[in-house]
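Peer 1: Questions regarding the structure given below will be posed in turn.
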Amino acid sequence: MRDASGLDAARDILRRTFGHAEFRGLQAGVIGEVLAGRSALAVLPTGGGKSLCYQIPSILRPGLGLVVSPLIALMTDQVAALQQSGVAAERLDSNIDPQLRGDIWRRVEDGSLDLLYLSPEGLMQSSMLERLSRLPLALVAIDEAHCVSQWGHDFRPEYRMLGRLAEVFPQVPRLAVTATADARTREDIRAELRLGEASEFVDSFARPELALSAERKRGQGHGRVLELVAERPGRSGVVYAGSRDGVDKLAEKLV
């Protein structure tokens, strides 16, 4: 399937590999853009299937799909899920032992790997870029792309280096994806990653099933938390506290 193209082939992968009957929201548009070899910026809500927007093109397009991710835990979870679905995916990070690292590079170089996950620091090492520049790449995906923006809520200076990818891999489509980016942040992402005139896909974040309310805290608030729990017998929930000590004291009350 490495040479297949078009949304029909993408839907086939979606059903057979990932178990979904049809694309949701703007997924099809984003995937079609990348399959055509064009860069894009996609802002899709949490649960909107952002990862499929680069995973499916990485399987379908010739070459290796590179995915830049900010956290080892995120990479580990995605790679494990892909491997369970039968997708040839690996990650290279500081926790990978030398023997496994050698095995992964052999798979990269013989073309048997579809996706390789890297941190921005790992990817932007000169030795890594030089080695990857000799290989055919399907795409470069920048996950959690808001990290590149000084206006994003999770800014990471290391992400600023990723703008160089435009010159290192000039013929490779680049896809920036995030679940959180207002207009100002999107403009910054586009500038920092040198996306130029790349298409922008911004899905609706309307969640009618969710409701927010707020009330003024009285004292430590423990009494009100207990009231809220008592009003919801048999239902699950999450209670946050501002410190470990606050968690311990509230847990005693809840017990």
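The values are calculated or read from the model by the stated rules, or taken from the named source; none is laboratory data. No experiment lies behind these values; they were computed from the predicted model shown. Cβ atoms come from the backbone with ideal geometry, glycine included; neighbour counts cover every protein chain shown. For the accessible areas, the whole protein counts, side chains as well, though only heavy atoms, and no ligand, DNA or RNA atoms are used. Shrake-Rupley method; radii C 1.70, N 1.55, O 1.52, S 1.80 Å.
Peer 1: Taking 0.36 nm per residue of separation and subtracting the Cα-Cα distance, what length does fully extending SER85 through GLU158 add? Let's see the in-between values first.
Peer 2: Details: separation 73, 0.36 × 73 = 26.28 nm, distance 3.11 nm.
Stretched fully, the SER85-GLU158 segment lengthens by 23.2 nm.
Peer 1: Given the options PHE205, PRO233, LEU135, identify the residue whose Cα lies farthest towards the positive end of the charge dipole of segment 119-255 (+1 on Cβ of Lys, Arg; -1 on Cβ of Asp, Glu).
Peer 2: Selected residue: PRO233.
Peer 1: With the full set of protein chains in place, find how many percent of the accessible area of segment 216-255 is carbon and sulfur; take the probe as 1.4 Å.
Peer 2: Carbon-and-sulfur percentage of accessible area, whole number: 51.
Peer 1: Between SER213 and ASP8, what is the FRET efficiency for a Förster distance of 51 Å, r being their Cβ-Cβ separation, to the nearest 0.05?
Peer 2: Working: r = 46 Å, r/R0 = 0.90.
About 0.65, to the nearest 0.05.
Peer 1: So if a site counts as exposed when it's one of the trypsin sites (Lys or Arg not before Pro), its DSSP state isn't H, G, I, E or B, and it has at most 11 other Cβ atoms within 10 Å, what's the longest stretch of the chain without one? Can you show the working numbers first?
Peer 2: Numbers: sites that count: ARG134, ARG216, LYS217, ARG218, ARG235.
Of all site-free stretches, the longest is 1-133.
Peer 1: Which angle between 0 and 90 degrees, to the nearest 10, do you get for helix 72-84 versus the longest principal axis of the chain when only C-alpha atoms count?
Peer 2: Taking Cα atoms only, the helix is inclined about 70 degrees.
Peer 1: A further question on this structure: Of the accessible area of segment 76-169, with the probe set at 1.4 angstrom, what percent is carbon plus sulfur?
Peer 2: Values: 2040 of 4390 Å².
Carbon and sulfur together cover 46 percent of it.
Peer 1: Right, next: How high is the relative contact order of the chain, in percent, with contacts defined as C-alpha pairs under 8 Å that are six or more residues apart? Each step should come with its number before you reach the end.
Peer 2: On the way: 367 pairs, mean separation 59.5, N = 255.
Value for the chain: 23 percent.
Peer 1: Follow-up. Rounded to the nearest 500, what is the 222 nm mean residue ellipticity of the chain from helices alone, with -39500 (n - 2.57) per DSSP H run of 4+ residues and division by all residues? Kindly include the intermediate steps, with their values, before the conclusion.
Peer 2: On the way: 11 runs with 98 residues, N = 255.
Helix-only estimate at 222 nm: -11000 deg cm²/dmol.
Peer 1: In addition: Can you tell me how much longer the chain between GLU252 and ARG38 gets when fully stretched, taken as 0.36 nm per residue apart minus their C-alpha distance, in nm with one decimal?
Peer 2: Here the answer is 71.5 nm.
Peer 1: What whole-number value in Å² describes the accessible area per residue of the chain for a 1.4 Å probe?
Peer 2: On the way: 13910 Å² over 255 residues.
Heavy-atom accessible area per residue stands at 55 Å².
Peer 1: Which FRET efficiency value, to the nearest 0.05, do you get for GLU231 and ARG134 by plugging their Cβ-Cβ distance into 1/(1 + (r/R0)^6) with R0 = 51 Å? Before the final figure, lay out each step's value.
Peer 2: Numbers: r = 62 Å, r/R0 = 1.22.
Computed FRET efficiency for GLU231 and ARG134: 0.25.
Peer 1: Report in % the part of the accessible area of segment 1-73 that belongs to carbon and sulfur, leaving out ligands and nucleic acids; probe 1.4 Å.
Peer 2: Working: 1470 of 2790 Å².
Carbon and sulfur together cover 53 percent of it.
Peer 1: In debye, nearest 20: dipole of segment 1-70 around its Cα centre with unit charges on the Cβ of K, R (+) and D, E (-)? Let's see the in-between values first.
Peer 2: Working: 8 positive and 5 negative charges, 21 e Å.
About 100 debye.
Peer 1: Something else about it: Picking from SER58, SER39, SER243, which is most flexible by a Gaussian network model of the chain using Cα springs under 10 Å?
Peer 2: Of SER58, SER39, SER243, the most mobile in the Gaussian network model is SER243.
Peer 1: If you don't mind, another one. Ordered by residue, what ³J(HN,Hα) values in Hz, to whole numbers, does segment 241-255 give under the Karplus form 6.51 cos²θ - 1.76 cosθ + 1.60, where θ = phi - 60° and Gly and Pro are x?
Peer 2: 9, x, 8, 4, 4, x, 5, 4, 5, 5, 4, 4, 5, 5, 4
Peer 1: Output wanted: per-residue J couplings in Hz (rounded whole) for segment 133-145, from phi through Karplus 6.51 cos²θ - 1.76 cosθ + 1.60, θ = phi - 60°, x for Gly and Pro.
Peer 2: Running phi through 6.51 cos²θ - 1.76 cosθ + 1.60 with θ = phi - 60° gives 5, 8, 10, x, 10, 6, 5, 10, 9, 9, 7, 6, 5 Hz.
Peer 1: Short version: ³J(HN,Hα) in whole Hz for each residue of segment 98-106, in order, from phi by Karplus 6.51 cos²θ - 1.76 cosθ + 1.60 (θ = phi - 60°), x for Gly and Pro, what are they?
Peer 2: Each residue of segment 98-106 in turn: x, 5, 5, 4, x, 5, 5, 5, 4 Hz.
Peer 1: Taking H placed 1.01 Å from N in the peptide plane, check which residues at least 5 places from VAL67 or on another chain put their amide H under 5 Å from its amide H.
Peer 2: Long-range HN contacts for VAL67: LEU116, TYR117, LEU118, ALA141.
Peer 1: For segment 93-192, take the convex hull of the Cα atoms, compute a quarter of its surface area, and give me that in nm², please.
Peer 2: Values: hull surface 27.1 nm².
Mean orientational projected area (segment 93-192, Cα hull): 6.8 nm².
Peer 1: Also, quick follow-up: Could you calculate the FRET efficiency of GLU197 with ASP77 from 1/(1 + (r/R0)^6), where r is the beta carbon distance between them and R0 is 35 Å, rounded to 0.05?
Peer 2: Details: r = 34 Å, r/R0 = 0.96.
The computed FRET efficiency comes out at 0.55.
Peer 1: Show the residues, 5+ positions off or on another chain, whose built amide H is closer than 5 Å to the amide H of ALA42.
Peer 2: Under 5 Å from the amide H of ALA42 lie the amide H atoms of ALA176, VAL177, THR178, PHE201, each far enough along the sequence or on another chain.
Peer 1: For segment 91-221, what does the relative contact order come out to in percent, with C-alpha contacts under 8 Å and a separation of six or more?
Peer 2: Values: 109 pairs, mean separation 28.2, N = 131.
Relative contact order here is 22 percent.
Peer 1: May I ask for the longest run of the chain untouched by GluC sites (Glu not before Pro) that are loop-located per DSSP and have at most 10 neighbouring C-beta atoms (other than their own) within 10 Å?
Peer 2: Values: sites that count: GLU22, GLU197, GLU209, GLU215, GLU231.
Between the exposed loop sites, the longest stretch runs 23-196.
Peer 1: Please state the charge dipole magnitude for the chain, taken about the Cα centre, from unit charges on C-beta atoms (+1 on K and R, -1 on D and E), reported in debye and rounded to the nearest 20.
Peer 2: Details: 32 positive and 34 negative charges, 89 e Å.
Using Cβ point charges on Lys, Arg, Asp and Glu, the chain gives about 420 debye.
Peer 1: Still on this structure, I have one more. Please work out whether segment 61-114 counts as rounded, prolate or oblate from its C-alpha gyration tensor, where a ≥ b ≥ c are the square roots of the eigenvalues and a/c under 1.5 means rounded, while otherwise a/b larger than b/c means prolate and anything else oblate? If you can, show how the numbers build up before the last one.
Peer 2: On the way: a/c = 1.56, a/b = 1.12, b/c = 1.40.
The shape class here is oblate.
Peer 1: Still on this model: Say each of SER204 and GLU22 gets a label point 7 Å from the Cα, pointing the same way as Cα to Cβ; how far apart are those two points in nm?
Peer 2: 1.5 nm
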